[in-house]
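Enquirer: Sending over a structure as structure tokens; questions will come in a sec.
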Amino acid sequence: MITKKSLPRRTVLRGIGVTIALPFLDSMVPALTPAVKAASPVQRLSVVYVPNGIVMSEWTPSVEGFAFPITPILRPLAAFRDRLIVLSGLRNGPPNYAVHGAASTRFLTTEPPLASTGSVVEAGVSADQVVASHFSRETQLASLELSLESPFAGVCDVGSSCVYTDTISWRSRTTPLPMEHNPRVVFERLFGEADTTDPAARRARLAARRSLLDSVADAVADIRRGLGSADRIKVGEHLDAIRDIERQIQKTEEQDARELPSLERPVGVPATFPEHARLMFDLQVLAYQSDITRVITFMMGRELSGRSYPEIGVHDGHHPISHHQNDPEKLAKLTRVSVHHAAQFAYFLDRLRSVADGEGSLLDHMTIVYGAGMSDGNSHSPDNLPILLAGGGAGQLKGGRHLHFQSDTPVANLHVTLLQKLGVSVDRFGNSTGTLPGL
């Protein structure tokens, strides 16, 4: 007798203004499905961008292949060495103008931005959006675009539109996608029901500081009765994670309500860089775990970012110290900032590794690109970009390596290679000349 209950893969819990997707459960595998097919993983793409370049001597391993040493900037990622592929030699230039705007714009599009100071902007479709289009029928959201800094308006780099420094994602040649930096907005986008017919009830719940999980309590109890013990535990852990993030956001908002308004830190944004980064990474993990989206781009800072990092003793602005002029003190501070960024990224990898996903973990089934749109910030060099890949790529990536390519290899070749590994049928992307051998 077959008694195993089967749930649809897109099972959701609905409440007033709330839609919560469940993680992948054993009960979502039909009882007669062969084990091999049941274990087929879902592929996901994550892009994490860091601005203003990196001290390359502190980033680049001195040895190629499997024996590469962990460099100072990569040291926070040492626990994930077997899941990293450090790439050297890729270039993305030269920029036509506005070097910082070109760095962020070309990172995923490989197209130089159109010289513009007004509302007319143009670049190219970004690789993440090609993947998002490929997966869009499978998920609630085609993609998420996130940041740790609020966008600027007007003109920025060399009089160019701030759009070029504010985002790395372009849906079309003329449609840049805004990056959201407020955790509350992201949370509501993930779990709020956009087409609710009762917005007043939703506002009342938020005003009363009630958890959105209260609205789906009956649905949770009903679905749990039909689940096995392992699935009940998994659902419980998933909902606990959502509740914990919601509490963090509420606590931040309550603290902000007691303080004077700040132009630099809108309501709902944590006070420190690590708190903000980790909360946004937690939201990304939930989005992947619930299969709300399979594509997320995340800017840990916008190009030209002048953020200081007092929590690590760097009170200077990031962009000013990136123009180090080989000053040892500035180089040391810039390296400290890059190590700090890597430490937050390590938190993300650890969270992904801790979440079960089918026969492995979320980290096993992720393709993650981490890097910058320029190497040396002092010279704004688009050559030898600091880029690494992390995750197992659902069996498509073999980590623990440092791969060095010829200095004229366009980063577009990386995009073509990853697009193919993610199931997108392409032969060319941007100014690509082929794929990356050995990847």
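Enquirer: Hey, can you tell me all the residues within the range 384-400 that are crowded, with 20+ Cβ neighbours inside 10 Å and in a helix (DSSP H, G or I)?
Expert: Residues satisfying the conditions are 393, 394.
Enquirer: Scan the range 401-417 and give yes if some residue there is free of Cβ contacts under 8 Å to residues at least 24 places away in the same chain and assigned to a loop (DSSP other than H, G, I, E, B), otherwise no.
Expert: Taking every residue of the range 401-417 in turn, none turns out to be free of Cβ contacts under 8 Å to residues at least 24 places away in the same chain and assigned to a loop (DSSP other than H, G, I, E, B).
Enquirer: Output the residue which, of all residues in the range 409-433 that are of a type in the set (A, V, I, L, M) and over 16 Å from residue 134 (Cβ atoms), is surrounded by the most Cβ atoms within 10 Å (Cβ to Cβ).
Expert: 411
Enquirer: For residue 287, state whether it is assigned by TED's automatic domain parsing to the domain that holds residue 144, in a helix (DSSP H, G or I) and either at pLDDT 95 or above or over 27 Å from residue 358 (Cα atoms) (or both).
Expert: No, not satisfied.
Enquirer: Which members of the range 142-193 meet the condition of being closer than 27 Å to residue 271 by Cα and of a type in the set (Phe, Trp, Tyr)?
Expert: Across the range 142-193, the qualifying residues are 152, 164, 187, 191.
Enquirer: If you scan the range 77-131, which residues turn out to be among the basic types (Lys, Arg) and surrounded by fewer than 18 Cβ atoms within 10 Å (Cβ to Cβ)?
Expert: The answer is 81, and nothing else.
Enquirer: Now a separate question. Of the residues 350, 327, 357, only one is buried (at least 18 other Cβ atoms within 10 Å of the Cβ) and acidic (Asp, Glu); which?
Expert: Matching residue, one of 350, 327, 357: 357.
Enquirer: Could you check how many residues of the range 122-139 are more than 26 Å from residue 90 (Cα to Cα) and either basic (Lys, Arg) or touching a strand residue (DSSP E or B) at 6+ places or on another chain (Cβ under 7 Å) (or both)?
Expert: 2
Enquirer: Those residues that are under 14 Å from the mean Cα position of the chain (by Cα) and in a strand (DSSP E or B), I need them from the range 165-186; list them, please.
Expert: Selection gives 180 alone.
Enquirer: Tell me which residues, restricted to the range 77-98, are out of contact with any strand residue (DSSP E or B) (no Cβ under 7 Å at 6 or more places or on another chain) and not in a loop (DSSP other than H, G, I, E, B).
Expert: If the condition is that a residue be out of contact with any strand residue (DSSP E or B) (no Cβ under 7 Å at 6 or more places or on another chain) and not in a loop (DSSP other than H, G, I, E, B), then 78, 79, 81, 82 are the ones that fit.
Enquirer: Under 6 Å by Cβ, and 6 or more places apart or on different chains, what pairs join a residue from the range 19-32 that is within 19 Å of residue 361 (Cβ to Cβ) with one that is modelled with pLDDT under 75?
Expert: Listed by first residue and then by second, the contacts come to 21/12; 22/11; 28/7; 28/9; 29/38.
The values are calculated or read from the model by the stated rules, or taken from the named source; none is laboratory data. In this text the structure is predicted, and so the values were computed from the model without any measurement. Neighbour counts are summed over all protein chains in view; Cβ atoms, including those assigned to glycine, are modelled from backbone coordinates with ideal geometry.
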